[in-house]
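S.K.: My structure is below; once you've seen it, I'll send some questions.
The values are calculated or read from the model by the stated rules, or taken from the named source; none is laboratory data. Small disclaimer: the values here were computed from a predicted structure and weren't measured. When we count neighbours, we look across all protein chains shown, and the Cβ atoms used for this are built from the backbone with ideal geometry, even at glycine.
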Amino acid sequence: MRNKYRCFSAALFFLFFTCKGPESVTTNNSFTRTVIDKDPPALPLTPEESMKKVQLLPGYSLELVASEPMVQEPVAIAWDGNGRLFVAEMNTYMLDVYGTDKYKPVSRVKLLEDTNHDGKMDKATVFIDNLVLPRMILPLDDRLLVNETNTNHLWSYRDTDNDGIADEKKRVYENNLVDTRNLEHQKSGLIWNLDNYLYVSRDPIRFRYKNGLIEADSLVEDPGGQWGVAHDNYGRLFFSAGGAERPAVSFQQNPAYGRLDFKDQYNEAFLATYPIIGTLDAQGGRKRMRPEDNTLNHFTSSGGQTIFRGDRLPAGLQGDFFTPEPVGRLIRRAKVINQQGKLTLQNAYEQKEFLASSDMNFRPVNMATGPDGCLYVVDMYHGIIQESEWTKEGSYIRPQILARGLDKNKGRGRIYRIVHEAYKPDTTKPNLLNEPAEKLVSYLNHPNGWWRDNAQKLLIIRNEQTVVPALKALVTEKASWLGKLFAKDKNNHLGKIHALWTLEGLEAIDQKTLLAAFKDEHPQVRKTAVWISEKFVKQNNAEIIAQLSQLMNDPDAEVKIQLALTLRQLKNEQGRKMVQNLIAQNPNVPMLAESEKSRLKTEETLARRKEENRKLSPTNRALLTKGAVIFQQVCAACHGQDGKGIALGSNDMVAPPLSRSKRVNGEKANLIRILLHGLSGPVEGKTYPDVMPAMGHNDDEWIAAVLSYVRNDMYNKAPLIQPEEVKVIRSQTVSRQKYWTLDDLEASAK
């Protein structure tokens, strides 16, 4: 063991004295946004031509990492521990305005490698073939987790003979329910967060790796995301809701404690976008364009967001929120502002974007921090970026697509990295899959979050119990030469945090280590220890609870907020009083009261629904229960969780409110028609930025369930709709290809 620690010590000294990054560069906010073309051409460009169409801040530039034919229709990327890049390709996404063959099993996951270490991929293999629109990928060790559209299974793929092609396939999570939602409404993301849970963008579920399998864990509420999930250095999650025109949602607290959003988490000005070309193919139509230059005036489809956690761009970018907007052909950079534990987002620039392109086919759909410390952009480079349920006859966008020939651009795709002239990408080739456990521990303090995350994940997957003493020593630094060594580095608190969570993942966390972490000088270490202590709180551990009570007067707001969240797990009067005392004693930390208020509201709503459902027959109870789930999964993003709508600022809303609606409580037949075939045009004299998409691809019970729920919740009270009633209306309107308008519905009723 002594020889191991000597080797470990040498590795640590090498890390601290050779990995110092270049000095930070002051971000230049003086660049000028220039609109290039009000009515741009849609002819596809080569990657080199397309890069010339990009406006970036001075000092930054794009470098091409991969392009067609090496990749086609890329939507997500992920590196394994050895730095090989997996790419999910949706090869059948919107081949025309009808969505022809979209579920044909010809999509792929590619494996790309940079064999000469010049930053460009030069080797590609089809790692997995014959997939249906793969939407989630996550490398474990030498295995890759994959989820396909319309399914809930998670499969593990492995290449056992090192030819770059997966030859082993195992189902590691089984759920035989077919996901019938539109492909834009299904889960995405799948990231291994700091807390060792795997999170997805929507549905009240998260996952955990255990003994080679994936186990499900339920959440209080659906986090309300859509495309992608991101996390920061401290495990805070960031979701997005493109359909609701919200670039970021559910980032105030972990969804395990319930969904929490605030109207003022960003202002109306933040939702404005600043492209450099006319955005004539915006689904929202002219209302979503500036009259003077046709540029997109508001977020409409943001997703694939990330928090930059690398070390090879200016230091000011670390911790910033980045989100692509493929309709606007731009990438927003936002500052994450922490005010007593409550976060707000603010555009880093005044009326301009971090990156904007004048290439009409530039479609950024995902971003990630790479092992080289740079920021990566996934450009689907696809003509149509709106799914077929929004491109039917009667939609604004359909004639725009056809007139410009956007339906002709398919089969392309690019991956870029963003670099800065004052920084060199890290050329160290990752070899984490082959590194000994002691070396992985040294990476827990790496300045690039990608290395820290993968080291933690691999130590847990391998169940490396041999490093438990070293991890504990890292946390209790004052009692250990190892801890003192780590303390020389400015990121030592991050190393401690990862060490704590690695111990948690190894099921080796103990009271002594937690008690030491409670007293750490860095508030994020104390907060982490409080978070992890929930295991002991649930067991009513008197010593841990007594020590938590000592943190009631902690000077840091985030520690107090986490303390209140953790104490909720103490299901007795003592826990309730401690939470109430925290709220009463900290009026300057409004998150405490706001989070508790949200929790109580959710509990009251669930209790009310349970009581109302108790009065129903088993069949109708099951129908409403199913409808409640569907509403939160699909409808709440636009209509609001309470059916009162989601304000866009001023008097605008994403979609009509459903609460206390005469139309919702009125005639059944028209509601069924709307859900089967969609609705366009003004509603009650108001025009909304999007159409109500057709949901007729779902079965009769699905339609009946969600409509029955809407008519019996949110202060509505009307007779339930049965599947048989949906069947009748479906047969009467089977030939309809267009959205309904209210005038059409009135005419059909006569």
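S.K.: Would you mention how many residues in region 224-233 are in a strand (DSSP E or B) and at pLDDT below 95? Walk me through it before giving the result.
M.R.: As a first pass, look at region 224-233 and keep what is in a strand (DSSP E or B): 229-231.
When the remaining residues are screened for being at pLDDT below 95, the result is none.
Qualifying residue count for the region: 0.
S.K.: Please determine, by comparing only the residues of region 386-435 that are under 30 Å from Trp740 (Cα atoms) and touching a strand residue (DSSP E or B) at 6+ places or on another chain (Cβ under 8 Å), which one is surrounded by the fewest Cβ atoms within 10 Å (Cβ to Cβ).
M.R.: Within region 386-435, the match that is surrounded by the fewest Cβ atoms within 10 Å (Cβ to Cβ) is Glu393.
Okay, residues lined up against (1) surrounded by 16 or more Cβ atoms within 10 Å (Cβ to Cβ); (2) not hydrophobic (A, V, I, L, M, F, W, C); (3) not in a loop (DSSP other than H, G, I, E, B):
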position: Met70; (1), (2), (3): yes, no, no
position: Ala76; (1), (2), (3): yes, no, yes
position: Gly81; (1), (2), (3): yes, yes, no
position: Val87; (1), (2), (3): yes, no, yes
position: Asp101; (1), (2), (3): no, yes, no
position: Ile128; (1), (2), (3): yes, no, yes
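S.K.: Hey, does region 617-629 have a residue that's over 25 Å from the mean Cα position of the chain (by Cα), of a type in the set (D, E, K, R) and closer than 30 Å to Glu724 by Cα? Reasoning before the result, please.
M.R.: Pass one, region 617-629, residues over 25 Å from the mean Cα position of the chain (by Cα): 617-625.
Imposing the further condition that a residue be of a type in the set (D, E, K, R) reduces the set to 621.
Of the ones still in play, those that are also closer than 30 Å to Glu724 by Cα are 621.
Yes: region 617-629 contains one or more residues that are over 25 Å from the mean Cα position of the chain (by Cα), of a type in the set (D, E, K, R) and closer than 30 Å to Glu724 by Cα.
S.K.: Let me ask another. Which condition does Leu56 not pass, out of (1) surrounded by fewer than 20 Cβ atoms within 10 Å (Cβ to Cβ); (2) within 24 Å of Glu113 (Cβ to Cβ), if it passes all the others?
M.R.: Here Leu56 meets the rest and fails (2).
S.K.: Now a separate question. Please count how many residues of region 258-279 are charged (D, E, K, R), surrounded by fewer than 20 Cβ atoms within 10 Å (Cβ to Cβ) and out of contact with any strand residue (DSSP E or B) (no Cβ under 8 Å at 6 or more places or on another chain).
M.R.: Of the residues in that region, 0 qualify.
S.K.: Could I ask something else about it? Restricting to region 349-385, count the residues that are within 22 Å of Pro139 (Cβ to Cβ) and either part of a loop (DSSP other than H, G, I, E, B) or in contact with a His (Cβ under 7 Å, 6 or more places away or on another chain) (or both).
M.R.: Selection size over region 349-385: 6.
S.K.: Filter region 263-281 for residues that are of a type in the set (D, E, K, R) and in a loop (DSSP other than H, G, I, E, B); which is nearest to Glu387 (Cα to Cα)?
M.R.: Filtering region 263-281 for residues of a type in the set (D, E, K, R) gives 263-264, 268, 281.
From what's left, in a loop (DSSP other than H, G, I, E, B): 263-264, 281.
Numbers: Lys263: 29, Asp264: 31, Asp281: 13 Å.
Checked region 263-281; the qualifying residue nearest to Glu387 (Cα to Cα) is Asp281.
S.K.: Of the numbered conditions (1) of a type outside the set (S, T, N, Q); (2) over 30 Å from Lys601 (Cα atoms); (3) touching a helix residue (DSSP H, G or I) at 6+ places or on another chain (Cβ under 9 Å); (4) surrounded by 14 or more Cβ atoms within 10 Å (Cβ to Cβ), Glu724 satisfies every one except a single condition; which is it?
M.R.: Failing condition for Glu724: (4).
S.K.: Regarding region 490-503, can at least one residue be identified that is in a helix (DSSP H, G or I), within 22 Å of Glu594 (Cβ to Cβ) and at pLDDT 95 or above?
M.R.: No, that holds for no residue.
S.K.: For Glu389, indicate whether it is modelled with pLDDT under 95 and in a helix (DSSP H, G or I).
M.R.: Details: modelled with pLDDT under 95: yes; in a helix (DSSP H, G or I): yes.
So Glu389 passes the test.
S.K.: Report, by residue number, each residue of region 559-606 that is under 17 Å from Lys342 (Cα atoms), β-branched (Val, Ile, Thr) and in contact with a Lys or Arg (Cβ under 9 Å, 6 or more places away or on another chain).
M.R.: Val559, Ile561, Val589
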